[in-house]
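To keep things clear, I will list the structure first and then write my remarks on it.
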Amino acid sequence: MAKSRALLAALGGLAMGAAGVQAMTIPRSSSHTKILRQVEDVQDEYDYVIVGGGTAGLTVADRLTESGEYTVLVIERGLFGNDSSVNNVSGGSQAYQNSSLSFNFPSVPQVNLGNRVTGVVGGVMLGGSSGVNGMQVHRPQKADIDRWGSYFGPCSEWNWDNLLPYFRKSWRLHPPTPEMVEQFNIKYDTSYWGGEDDGGIHASFPTFHWPFMRAQMDAFADIEGIEFPVDSGAGDPGAFWYPASFEPTQVRRSFAMSEYWAGKGNARDNYETILGHRVVRVLFEDEEAVGVEYVDSNSRDTSQARTVRARKEVIIAAGTIYTPQVLQASGIGPRPVLERAGIDVLVDLPGVGANFQDHPLGAQALFYFTNWNFSPNPSDLQSNATFRALAEAEFAANRTGPLMIASGNAAAFLPFPVVAPERFEAIAAAYEAQDPAAYLHEGADETVVAGYQAQKSRLADALRSMDAANYNLFIRGSQMEGSVVYLHPLSRGTIEINATDPYFGTPVVDYRALSNPADIDIQVEFIRFTRRYFTETRLAQYGPIEFSPGAQVTSDEALRQAVRSQVSPTTFHPVGTAAMMPRELGGVVDENLLVYGVEKLSVIDASIQPELPGAYTQQPVYAVAEKAADLIKERA
Ligand SMILES: Cc1cc2nc3c(=O)[nH]c(=O)nc-3n(C[C@H](O)[C@H](O)[C@H](O)COP(=O)(O)OP(=O)(O)OC[C@H]3O[C@@H](n4cnc5c(N)ncnc54)[C@H](O)[C@@H]3O)c2cc1C
Ligand SMILES: *[C@@H]1O[C@H](CO)[C@@H](O)[C@H](O)[C@H]1NC(C)=O
Ligand SMILES: *[C@@H]1O[C@H](CO)[C@@H](O)[C@H](O)[C@H]1NC(C)=O
Ligand SMILES: *[C@@H]1O[C@H](CO)[C@@H](O)[C@H](O)[C@H]1NC(C)=O
Ligand SMILES: *[C@@H]1O[C@H](CO)[C@@H](O)[C@H](O)[C@H]1NC(C)=O
Ligand SMILES: *[C@@H]1O[C@H](CO)[C@@H](O)[C@H](O)[C@H]1NC(C)=O
Ligand SMILES: *[C@@H]1O[C@H](CO)[C@@H](O)[C@H](O)[C@H]1NC(C)=O
């Protein structure tokens, strides 16, 4: 709920449109010599040109430059944002509301949400969305990763066992203290992580948490079928504690910029970064990508564009929202979309911008506990000036206490049969029987329909499986709780270039929220289950009172209406718009992450995830990028 309120605040308070990239601030310290001070310093040619210095882009750039053998240029549209709004972990993210560090533009009005418009949000800075995210670190289920590979048949390398080493490589775990383990019964197993002295992003546990969280976690044991996995990274659903992406000594955000880009502490001669410039399109000679055209981020004039050549490969890492724009503007995408915009078709690839997914938020039952006096508790930070002052003093002196908590560290990720034991089979069967084209966008290409059909049979199985998580409830230790995220939505949206302003207009983003009616039926069960958790477990002793949608809302139809009015289509976890799937299934990249129909062009960011994972997206983005670097080096 806090997140959706914050989202509304962001919508009200920020100017719409792409982030205004302000005057460039270039850091002075010598460790930043790899930022080129002026665009004239960009060389004519590099081995690799990376489009977007975000989460995935900086991970791959680091790995490709390690050996010294290859030259790399990163072109990032944003600036070097490393201010206190980025580094401050308290309460999760503030930076995503800063228009110098993020984009926030309106989606297409959502017809199934009473024509509500949602803010489309992401990071625009060196580090991309890893610089503005909520720092929650949890890993998908094994079944999610195995499903990705399954579209290519049983021999695909894309499975849990193969990706686990990359998950490990991208993180260094700082285990919880023995006191926290004891107080909160935290389970962890270091074998799923990189060690404290390894590279990668820091994953740390706060040394303080709100005492009510113990009761909230224990209450899950009162519901049949809920497991407590050995570690948040073990790939199993259940209720668990998980770390946050912060460096534990200074307690500052740990992200792609701080670890993959700056982490080694020295500049590499073969690695250059240009900020404040955006790639307009990829350049081709015949079907071979040979470079990119780019402009100053403040410019809207392609006649001002500069070009830079890539000897080996152009690597696109502009994120799920902007990667389809770059591809479509380069002539790779659905023919009708390109023709409307007057772009010459190089490859008719209907999957570019299709298959768009994000985690919906908000089909929840919000409760307030009346017989409850946990102390301290999160609201003391707002309502008790003494507590607040002590917390600030403690954080300033010792980097400990409540201000080291980011967005939270515990949650349930539950299989649908646990959530709806009586109804899961009927809902899964009805979904499975649907005509695959029935709820896709109008004019969806037959390959996109075939891809959805392939997803549909697997996702129907996932609805019946105890190995997949579908329902996610946050735990925050508050008197008021009940925020739910839906992990495997079945509706599919679209992202298309603006037909009258293809290069500089914001992309046209349609979540198509709740376009598949099964998403409504599933989220109705989420509301029912959330009630069960609050009223039929040991939490009942704290006097839970439902205030939204309200205990009187019980019929299927009334609950469906509650879902339509509550849901926001995004938790800022967009994926799928350049899906790694076979071309005949609407895929955009193959198993090597190379774009179909052309040569020397790859995509490595969140857009390649064919379906959402049953967890938030930063872990899979880093792991996929680590693997992508190996794939790219293998073919170098
Ligand atoms: C507000 C918010 C909260 C989140 N919270 C969590 C969380 O708590 N836990 C979690 O696991 N995940 C979270 N996520 C999701 C996670 O951070 C993202 O999935 C991940 O960072 C995406 O990485 P990426 O490499 O695909 O894209 P990004 O990291 O967004 O990188 C894309 C980069 O490309 C640049 N770019 C775009 N277009 C161009 C162009 N034409 N030319 C040059 N550069 C360009 C952008 O400026 C950006 O820097 C959150 C995301 C957001 C936005
Ligand atoms: C927003 O980000 C810019 C660039 O890093 C920074 O100068 C500014 O102080 C930030 N604003 C807030 C309110 O944090
Ligand atoms: C980013 O800011 C933090 C906190 O001020 C600082 O410790 C760190 O060195 C900065 N990183 C870079 C690469 O400048
Ligand atoms: C960090 O953010 C929190 C929550 O918004 C705020 O209360 C605190 O003052 C900030 N701390 C710093 C050092 O900016
Ligand atoms: C406010 O916080 C202080 C410090 O933790 C505590 O001693 C006091 O009891 C709190 N006051 C109330 C009204 O909760
Ligand atoms: C910092 O930690 C020390 C050692 O635990 C403690 O004595 C001191 O009171 C703490 N400072 C603040 C301001 O909380
Ligand atoms: C497309 O861009 C034009 C010009 O910038 C703008 O007026 C229009 O609203 C945009 N269309 C959409 C659907 O965003």
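A few points about this structure:
- Condition check for GLU599: surrounded by fewer than 24 Cβ atoms within 10 Å (Cβ to Cβ) and free of Cβ contacts under 8 Å to residues at least 24 places away in the same chain: no
- Residue match in region 347-356 (condition: within 16 Å of ligand 1 (Cβ to nearest atom), crowded, with 18+ Cβ neighbours inside 10 Å and hydrophobic (A, V, I, L, M, F, W, C)): yes
- Criterion applied to VAL74, VAL86 was being on the phi < 0 side of the Ramachandran plot and part of a strand (DSSP E or B), and the one residue passing it is VAL74.
- Single residue of region 298-343 satisfying the filter (over 24 Å from the mean Cα position of the chain (by Cα) and of a type in the set (S, T, N, Q)) that is surrounded by the most Cβ atoms within 10 Å (Cβ to Cβ): SER330
- In region 357-371, residue nearest to the chain's Cα centre (by Cα) [restricted to those that are surrounded by 17 or more Cβ atoms within 10 Å (Cβ to Cβ) and either farther than 30 Å from LEU490 by Cα or within 16 Å of ligand 6 (Cβ to nearest atom) (or both)]: TYR368
- Residue within region 118-131 that is away from ligand 1 (no atom under 12 Å from the Cβ) and either of a type in the set (Lys, Arg) or out of contact with any helix residue (DSSP H, G or I) (no Cβ under 7 Å at 6 or more places or on another chain) (or both) present: yes
- Selected residue [within 15 Å of ligand 2 (Cβ to nearest atom), of a type outside the set (A, V, I, L, M, F, W, C), over 27 Å from ARG564 (Cα atoms) and more than 15 Å from the chain's Cα centre (by Cα)] from ASN88, ASN104: ASN88
- Check on ASP380, within 22 Å of LEU585 (Cα to Cα), among the charged types (D, E, K, R) and open to solvent by less than 60 Å² (accessible area, probe 1.4 Å): no
- Output for region 443-468, where each listed residue is of a type in the set (Ser, Thr, Tyr) and in a helix (DSSP H, G or I): THR447, TYR452, SER457
- Scanning region 328-345 for residues that are under 19 Å from PRO582 (Cα atoms) and in contact with a Phe, Trp or Tyr (Cβ under 9 Å, 6 or more places away or on another chain) turns up just one, ILE332.
- Scoring VAL524 on the criteria (1) out of contact with any strand residue (DSSP E or B) (no Cβ under 9 Å at 6 or more places or on another chain); (2) hydrophobic (A, V, I, L, M, F, W, C); (3) open to solvent by 10 Å² or more (accessible area, probe 1.4 Å) leaves a single failure, condition (3).
- Qualifying positions in region 374-385 - part of a loop (DSSP other than H, G, I, E, B), out of contact with any Ser or Thr (no Cβ under 8 Å at 6 or more places or on another chain) and either among the polar types (S, T, N, Q) or within 16 Å of ligand 3 (Cβ to nearest atom) (or both): SER375, ASN384
- Pick from region 498-521, criterion over 30 Å from TYR294 (Cβ atoms) and of a type in the set (S, T, N, Q), ranking: least open to solvent (accessible area, probe 1.4 Å): ASN516
- Contacts under 6 angstrom Cβ, first residue in region 91-105 being closer than 14 Å to VAL120 by Cα, partner in a loop (DSSP other than H, G, I, E, B) and open to solvent by 20 Å² or more (accessible area, probe 1.4 Å), 6 or more apart: SER99/LEU14; PHE103/ALA18; ASN104/LEU14; PHE105/MET16; PHE105/GLY17; PHE105/THR506
- Where a residue in region 405-417 is of a type in the set (S, T, N, Q) and its partner, wherever it lies, is surrounded by fewer than 24 Cβ atoms within 10 Å (Cβ to Cβ) and assigned to a helix (DSSP H, G or I), with Cβ under 8 Å and at least six apart: SER407/LYS3
- The number of residues in region 451-476 that are open to solvent by less than 10 Å² (accessible area, probe 1.4 Å) and within 12 Å of ALA411 (Cβ to Cβ) comes to 5.
- Residue within region 59-73 that is away from ligand 6 (no atom under 16 Å from the Cβ), under 12 Å from LEU126 (Cβ atoms), modelled with pLDDT of 95 or more and not charged (D, E, K, R) present: yes
- Among (1) free of Cβ contacts under 8 Å to residues at least 40 places away in the same chain; (2) touching a Ser or Thr at 6+ places or on another chain (Cβ under 6 Å); (3) hydrophobic (A, V, I, L, M, F, W, C) - the single one ALA623 does not satisfy: (1)
- Answer from PHE228, PHE255 - the residue that is closer than 28 Å to GLU394 by Cβ and touching a residue at least 24 places away in the same chain (Cβ under 8 Å): PHE255
Residues checked against (1) touching an Asp or Glu at 6+ places or on another chain (Cβ under 8 Å); (2) within 11 Å of ligand 1 (Cβ to nearest atom); (3) open to solvent by less than 10 Å² (accessible area, probe 1.4 Å); (4) among the aromatic types (Phe, Trp, Tyr):
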| position | (1), (2), (3), (4) |
| --- | --- |
| ALA256 | no, yes, yes, no |
| ALA267 | no, no, no, no |
| VAL279 | yes, yes, no, no |
| GLU288 | yes, no, no, no |
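- Answer residue from region 107-136, given it is over 18 Å from the mean Cα position of the chain (by Cα) and part of a strand (DSSP E or B) and is surrounded by the fewest Cβ atoms within 10 Å (Cβ to Cβ) among those: ARG116
- Region 63-85, subset within 16 Å of ligand 4 (Cβ to nearest atom) and under 20 Å from SER297 (Cβ atoms), residue least open to solvent (accessible area, probe 1.4 Å): GLY81
- Qualifying residues in region 403-426 (those that are open to solvent by less than 10 Å² (accessible area, probe 1.4 Å) and in a helix (DSSP H, G or I)) - the one nearest to GLN141 (Cα to Cα): PHE416
- One residue stands out among those in region 94-106 that are within 16 Å of ligand 3 (Cβ to nearest atom) and part of a loop (DSSP other than H, G, I, E, B): the one that is most open to solvent (accessible area, probe 1.4 Å), which is GLN94.
- Every residue from region 35-62 that is closer than 20 Å to ARG311 by Cα, among the β-branched types (Val, Ile, Thr) and surrounded by fewer than 24 Cβ atoms within 10 Å (Cβ to Cβ): VAL39, VAL42
- All positions within region 386-397 that are surrounded by 10 or more Cβ atoms within 10 Å (Cβ to Cβ) and away from ligand 6 (no atom under 12 Å from the Cβ): PHE387, ARG388
- Total residues in region 391-427, condition under 30 Å from SER130 (Cα atoms) and over 26 Å from the mean Cα position of the chain (by Cα): 11
The values are calculated or read from the model by the stated rules, or taken from the named source; none is laboratory data. What you see is a predicted model, and the numbers here were worked out from it, not measured in a lab. Cβ: placed from backbone, ideal geometry, glycine included. Neighbour counts: every protein chain shown. The protein model used for the area step is the full one, side chains on, heavy atoms only, and it has no ligands, DNA or RNA in it. Shrake-Rupley method; radii C 1.70, N 1.55, O 1.52, S 1.80 Å.
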